[in-house]
Amino acid sequence: MKLSIVFLYLGLSCITPAGAETRVAVQKVQIADGIYQFITSPDGYVPNGNSVVIVNETDVLVFDTFSRPSTARTVLAEIRKITDKPVRYVVNSHHHPDHWSGNEVYAQEFPNLEIIATEESRQFMLSIANAWPPVFAEKLRKDQADLEKEVSTGKEPDGTVLTAEQRRKDEDDVRLEREFTAEALKVKRTYPTLTYSDKLTLHHGGREFRFMSMVGDASGTTVLYLPKEKILVTGDVLSYPVPYFSPPLSQHAKSLMTLGKLDADVIIPGHGPAWRDKDFLNLEAELLESVVSQVGEAVKKGMVTVEEIQKAVNVEPLRVKFTHDDQDLNGKFRRYVNRMVENASREARDGRKFEQ
């Protein structure tokens, strides 16, 4: 199966932030009339991310608000170039911080704003968000210490020589992380105001918005489907170039199969470019289903440890379809698959992890 990444656009532009507080560039892609995808460059937390802006008859809906408030402000400035209509709705696909840390920007600017999410996501936000500042700060401390050790020894953690190119890359990564953490410690957490449990349909501004709760890399993930426009916005139920995941893998696979049945001409994932076919969605579903199936067979045969099961699971035929043999992606793919196997083995054994 040949996969082709397609940026769907009537106009495509790269936005350079005007403010000194951020160095994160944002790309704007026009998907359809009044519908725009905004894609961040690496922001110190994720390598890229998506926010989708939908202009309605009298107002605007924004799906996801990024890792940094400053990046949300960049997008808001672009919205104001597109239209003078107010932002009436923000949708948060799920509770991970790269999808709702910019909520405060829209809430400050638009007093009548409603923020939509599943009730499950809202509860996760309330339970987890206050733990992030110390977690981010500690990760930055460790990464800075690792960088200092690399520079002082001239070696990478695996003992190989630290090249000038790799040093520049590592220094850039830590700089971005430092900038992200400085913002993250000041975020004014702004929570959903309108929640739902299973499905929510909104007829508004000349459009029909169908919100569905699904399992992606978080439970209670909101997926948005526009039936008239045949556009599907998935949050992290679908992500590129390799799947993000956390809850039971079989549930995530079922979500992908459900999405595959929708009549969609354009699919916008939580991370990565828009697609005009279902090839990548089907590929992710095939990978997750294959891991779940092979793990199931392995545990039925009596394999005990995760390490044993990881050796028994073979999805190498699918690897090249994800990585195209890029060496960095090959390593990432194999690490993710090992984690998927551990996830699926726990699911198959009621949460148990056996040791020998």
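Please get the size of the charge dipole for region 42-157, origin at its Cα centre, with Cβ charges of +1 on Lys and Arg and -1 on Asp and Glu, quoted in debye to the nearest 20.
200
Return the aspartates and glutamates within reach of LYS199: Cα separation strictly under 16 angstrom, same-chain partners fewer than 8 residues apart disregarded; answer none if there are no such residues.
Filter leaves GLU119, GLU120, GLU208.
Using unit Cβ charges (K, R positive; D, E negative) and no other charged atoms, how large, in debye to the nearest 20, is the dipole of the chain about its Cα centre?
260
Only Cα pairs within less than 10 Å get springs; with that Gaussian network setup on the chain, which residue of GLN166, GLN294, GLN123 has the largest fluctuation?
Of GLN166, GLN294, GLN123, the most mobile in the Gaussian network model is GLN166.
Could you compute how much accessible surface LYS85 exposes when probed at 1.4 Å, giving the result in Å² to the nearest 10?
Counting only protein heavy atoms, the figure is 60 Å².
Say each of THR58 and LYS261 gets a label point 7 Å from the Cα, pointing the same way as Cα to Cβ; how far apart are those two points in nm?
In this crude label model, THR58 to LYS261 measures out at 3.6 nm.
Using θ = phi - 60° and the Karplus curve 6.51 cos²θ - 1.76 cosθ + 1.60, what whole-Hz ³J(HN,Hα) does each residue of region 123-140 get, with Gly and Pro shown as x?
Going residue by residue, I get 5, 4, 4, 5, 7, 10, 4, 6, 7, 5, x, x, 5, 4, 4, 5, 4, 4 Hz, with x marking Gly and Pro.
Mean 1/r over all different Cα pairs, inverted: what Kirkwood radius does region 248-356 give, in Å?
14.9
State in Å² the accessible area per residue of the chain; use a 1.4 Å probe, count heavy atoms of protein chains only, and round to the nearest integer.
46
How about LYS81: which lysines have a C-alpha closer than 22 Å to its C-alpha, ignoring those fewer than 8 places off in the same chain?
LYS28
Using the charge dipole of region 281-352 (Lys, Arg: +1 at Cβ; Asp, Glu: -1 at Cβ; taken about the Cα centre), state which of ALA344, LEU281, VAL315 has its Cα farthest towards the positive end.
Result: ALA344.
With the cut-off at 29 Å, tell me which of the pairs LYS139/LYS321; LYS85/LYS188; LYS85/LYS139 have Cα atoms farther apart than that. Write down the numbers at each step before the final one.
On the way: LYS139/LYS321 32 Å; LYS85/LYS188 25 Å; LYS85/LYS139 40 Å.
Among LYS139/LYS321; LYS85/LYS188; LYS85/LYS139, the Cα-Cα distance tops 29 Å for LYS139/LYS321; LYS85/LYS139.
Quick one: if you stick a label point 7 Å off each Cα along the C-beta vector at SER41 and PHE354, how many nm between them?
About 5.1 nm separates the two model spin labels.
Could you order peptides 157-165, 138-146 by the average number of other Cβ atoms within 10 Å of their residues, highest first?
Averaged packing, sorted descending, gives the order 138-146, 157-165.
Check each of the GluC sites (Glu not before Pro) in region 254-356 and keep only those in coil by DSSP with at most 12 other C-beta atoms within 10 angstrom; list them in order.
On the way: sites: GLU284, GLU286, GLU289, GLU297, GLU307, GLU308, GLU342, GLU347, GLU355; in loops: GLU355.
Of the GluC sites (Glu not before Pro), the ones in loops of region 254-356 whose Cβ has at most 12 other Cβ atoms within 10 Å are GLU355.
Suppose every Lys and Arg Cβ carries +1 and every Asp and Glu Cβ carries -1, with no other charges. What dipole size does region 103-179 come out with about its Cα centre, to the nearest 20 debye? Before the final figure, lay out the partial values.
Numbers: 11 positive and 19 negative charges, 56 e Å.
In total the dipole reaches around 260 debye.
With the crude spin-label approximation of a point 7 Å out along Cα→Cβ, what separation in nm comes out for ARG80 versus GLN123?
That separation, rounded to one decimal, is 3.9 nm.
By how many nm would the segment from LYS230 to GLN327 grow when fully extended, if each residue of separation counts as 0.36 nm and the alpha-carbon distance is taken off?
Gain on extension, LYS230 to GLN327, equals 31.4 nm.
Given R₀ = 45 Å, FRET efficiency for VAL151-GLU316 by Cβ-Cβ distance, to 0.05? Provide the component values of the computation, followed by the final result.
Numbers: r = 37 Å, r/R0 = 0.81.
It comes out at approximately 0.80.
Nearest 500 deg cm²/dmol is fine: what mean residue ellipticity at 222 nm does the chain get from its DSSP H runs of n ≥ 4 alone, each adding -39,500 (n - 2.57), divided by its residue count?
Calculated from helices alone, the mean residue ellipticity at 222 nm is -13000 deg cm²/dmol.
For region 241-311, what is the number of Lys pairs with C-alpha distance below 29 angstrom, counting only pairs 8 or more positions apart or on separate chains?
7
The values are calculated or read from the model by the stated rules, or taken from the named source; none is laboratory data. Bear in mind that the values here come from a model prediction, so they are computed numbers and not experimental data. Heads up, the Cβs are rebuilt from the backbone with ideal geometry, glycines too, and the neighbour counts pull from every protein chain shown. Surface accessibility is based on the protein's heavy atoms, side chains included, excluding ligands, DNA and RNA. Shrake-Rupley method; radii C 1.70, N 1.55, O 1.52, S 1.80 Å.
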